[in-house]
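The values are calculated or read from the model by the stated rules, or taken from the named source; none is laboratory data. Note that this is a predicted model, so its numbers are computed, not measured. Note: ideal-geometry Cβ built from the backbone for every residue, glycine included; neighbour counts use all protein chains shown.
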Amino acid sequence: MLNQQTTGAGDDLEKATEMARKMVCEWGMSDRLGPLTFGKNEEHIFLGREVARAKDYSEDTALLIDSEIKRIVMEAASRAKQILQESIEKLHALARALLERETLDGEEIARILRTRPFQEAGAPA
């Protein structure tokens with residue numbers, strides 16, 4: 001189950017890519033590009049959303065921006081995978097509990113996450 005991508009992940013990937021783009025282009029959070037902004041938003045106040053992005057940088061800079069966005073997303077994906085792998089027993093315990101009860105409250109989740117990896121959820125400590 002964990003080795004497959006689903007359409008549900010599409011929205012997460014879109015949001016992660018957009019966040020990385022903002023980090024690089026709007027917030028100056030790229031060591032390679034420095035504390036600069038790239039591309040100006042053209043917004044319609046009435047609509048309250050970004051309509052277009054003016055390109056005010058060279059093609060070389062565009063390639064570097066793309067590279068930085070990809071690096072940020074790939075590093076975040078790698079870190080997320082590492083966290084899941086390190087916590088796989090807890091992830092399986094949560095999955096088993098959800099299969100049994102369909103919903104869990106915060107206290108139940110906290111209890112499962114505190115359980116030692118080799119214990120079954122709900123087994124005495």
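Structure notes:
- Screening residue 71 on (1) more than 24 Å from the chain's Cα centre (by Cα); (2) at pLDDT 90 or above; (3) not small (Gly, Ala, Ser) shows it passes everything except condition (1).
- Residue within region 55-65 that is within 17 Å of the chain's Cα centre (by Cα), of a type outside the set (A, V, I, L, M) and either at pLDDT 95 or above or in a helix (DSSP H, G or I) (or both) present: no
- There is no residue in region 99-107 that is of a type outside the set (Val, Ile, Thr), in a helix (DSSP H, G or I), under 24 Å from the mean Cα position of the chain (by Cα) and modelled with pLDDT of 90 or more.
- In region 1-39, residue modelled with the lowest pLDDT [restricted to those that are surrounded by 13 or more Cβ atoms within 10 Å (Cβ to Cβ) and farther than 25 Å from residue 79 by Cα]: 39
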